[in-house]
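The structure appears below as structure tokens.
The values are calculated or read from the model by the stated rules, or taken from the named source; none is laboratory data. If you're wondering where the values come from, they're calculated on a predicted model, not measured in any experiment. With ideal geometry, Cβ positions are generated from the backbone for all residues, glycine too; neighbour counts draw on all protein chains shown.
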Ligand code: NDP
């Protein structure tokens, strides 16, 4: 019979996703711009299931049952547009195109609307889990209209990761909602990784631990509330020794972190929406700073790297563990706030509790914590912040003293902890009875007559700063 799904883009992600479909018994047609790659997939993995080679997009479309389901897994941006432009004239109304690459959610909205003009249904599908996830079960964040999801969702749910028989895949919302959520997922991933890196840096520079010893601590933490994929692989990377130097591998890896851009998109969207995702933002900035090696060298030369402060304060590793947990909770809370705001602006109606639920397995940020976040959001769907739910209010309050000790020791010891300290500042600011924003308002009124509100009566007010400094009620 005809193939049930077609996958175009046979680089690592598309190839593994196609194999995943085939391994689950689906009939799959595979295509790649450079045909040899699709041929290789059929040759090497054809025994895993029903994989049919398509040498062109025409052949791919011809191989598919109707309505056709074409999954596009190519380089995001112009690559995706090129494939879609070529596909559209080949498809019929009612057919479904699902972009499973890392598209910007605004591009997904645009493509959804453009294809709708041709009657072609479009899904923007966020896929996380890297190449192993694509093969063995990713976390899948689809954005689509309900009728589109009815065509493609059942397939995605079968190949996604599962927790207790529940798929880590659910309809997130319409058009760009899935890619928006995938973007925020990646932003949280940036914060998680930077937090782990800060914890490691503190172990080394405050506590004098070698990477192997730090690896042991992370391995131990992986059996606690911090249990997560990223903490687990941190233990492995830190324990790895380098064949060439016989020292720790981490010591010979260039300390300049790269990024493909989803962290930057997260921060840009957050700025547009006015949502303070300070943990994700600092993590993104930390990568940029690390990569700015010329400036780092110049400033190190100019300022010196010796801290004039006394010897570094020590903190117990248990403080680090608690600080990391609290900070991780805050970065999730901030990410979820961003989804809430994006959903409100775009009228997507995203159900927040569904997100930690589908992140419990398959994706890079999978963590024990996500089950608790799901439960807290299910019980308190209208909580204005994850931090305002009873479970996490208590969890963070209990760990706040440890977080404060850790940030204090880091500052004292000259160890940069941009995310830990940003997260602490965020908590302190949110909890403050009064913020110095009152003074900012006063200054704005002074130089720009921007007016201010008062705490004791309604209305807008202006002080005649340049004249007699009396206060007048503004229009
Ligand atoms: P790449 O992002 O490296 O993209 C390579 C694929 O895109 C190849 O199949 C290539 O075809 C095709 N391609 C590029 N430009 C065009 C074009 N103009 N027309 C047709 N085909 C084109 O592949 P990955 O497998 O790494 O990722 C695929 C998608 O999944 C990307 O959007 C990526 O962001 C996303 N993603 C990747 C993850 C990862 O861990 N790598 C994780 C989650 C999502 P050809 O062989 O002919 O050059």
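Structure above, values below:
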item	result
Residue within the range 141-156 that is in contact with a helix residue (DSSP H, G or I) (Cβ under 8 Å, 6 or more places away or on another chain), within 13 Å of the ligand (Cβ to nearest atom), outside the structural domain of residue 350 (by TED's automatic domain parsing) and not in a loop (DSSP other than H, G, I, E, B) present	yes
Among (1) assigned to a helix (DSSP H, G or I); (2) surrounded by fewer than 23 Cβ atoms within 10 Å (Cβ to Cβ); (3) more than 16 Å from the ligand (Cβ to nearest atom); (4) in the same structural domain as residue 395 (by TED's automatic domain parsing) - the single one residue 191 does not satisfy	(2)
Residue that is nearest to residue 29 (Cα to Cα), among those in the range 88-103 that are touching a residue at least 12 places away in the same chain (Cβ under 8 Å) and surrounded by fewer than 21 Cβ atoms within 10 Å (Cβ to Cβ)	90
Residue 183, sole failed condition from (1) free of Cβ contacts under 8 Å to residues at least 40 places away in the same chain; (2) within 21 Å of residue 340 (Cβ to Cβ); (3) in a helix (DSSP H, G or I)	(1)
Matching option when the condition is in a helix (DSSP H, G or I), more than 23 Å from residue 230 (Cα to Cα) and either assigned by TED's automatic domain parsing to the domain that holds residue 272 or touching a strand residue (DSSP E or B) at 6+ places or on another chain (Cβ under 8 Å) (or both), among 384, 401	401
Single condition residue 281 does not satisfy, out of (1) buried (at least 17 other Cβ atoms within 10 Å of the Cβ); (2) over 30 Å from residue 430 (Cα atoms); (3) within 18 Å of the chain's Cα centre (by Cα)	(2)
Filter result for residue 95 (within 13 Å of the ligand (Cβ to nearest atom) and modelled with pLDDT of 95 or more)	no
Residue check, residue 290 farther than 21 Å from residue 210 by Cα, more than 16 Å from the ligand (Cβ to nearest atom) and in contact with a strand residue (DSSP E or B) (Cβ under 8 Å, 6 or more places away or on another chain)	no
Scope the range 76-87; condition near the ligand (Cβ under 6 Å from one of its atoms) and surrounded by 14 or more Cβ atoms within 10 Å (Cβ to Cβ); matching residues	76, 79, 83
Considering residues of the range 102-128 that are away from the ligand (no atom under 15 Å from the Cβ) and outside any helix (DSSP H, G or I) only, the residue nearest to residue 265 (Cα to Cα)	122
